[in-house]
Amino acid sequence: MGVLWVITKYPLSRIHLIVRLRGGKPVFYLFAPVSLDASVELSLVPRWSFSGIYPVTPIKSGRAGMGETVSWRVRVHPEGHLTELSTGLDIAYLCWEAMYVFFMNLYLQVFL
């Protein structure tokens, strides 16, 4: 009802439709026979952006031709868990989620 009010109140209106695609919640499990330190970097293509990251780490702008990037530094333990090195947080995996946002402008002209 509110959208109809906007269209009839303003004869030339712009509506922004936003289609959101969301990837699942992919995870990284790291295993090693002995304890070792590892760096994990994940870069997205330009039209995607991170919507969730665990453990939380800064999101950086990508290099030329790449989208957003995140990286984690972890210690991998033989028992199967990880320690995030900047916080000391013990975790089972690295998790991320990303969204694709497609903008489409529609111009409507309403004749009254």
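Numerical summary
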{"read-out": "Scaled radius of gyration (Cα, divided by 2.2 N^0.38 Å) that the stretch 20-103 gives", "value": "1.17"}
{"read-out": "Highest average packing first - 68-80, 38-50, Cβ atoms within 10 Å", "value": "68-80, 38-50"}
{"read-out": "Separation in nanometres of the label points that stand 7 Å from Cα toward Cβ, at Ala32 and Ala64", "value": "3.4 nm"}
{"read-out": "Net charge contributed by nearby residues that have their C-beta within less than 15 Å of Gly62 (K/R +1, D/E -1)", "value": "+1"}
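Quick note: the coordinates plus some simple rules give every number you see, no bench work behind them. All figures in this text were calculated on a predicted structure; none of them were measured in a lab. Neighbour counts are summed over all protein chains in view; Cβ atoms, including those assigned to glycine, are modelled from backbone coordinates with ideal geometry.
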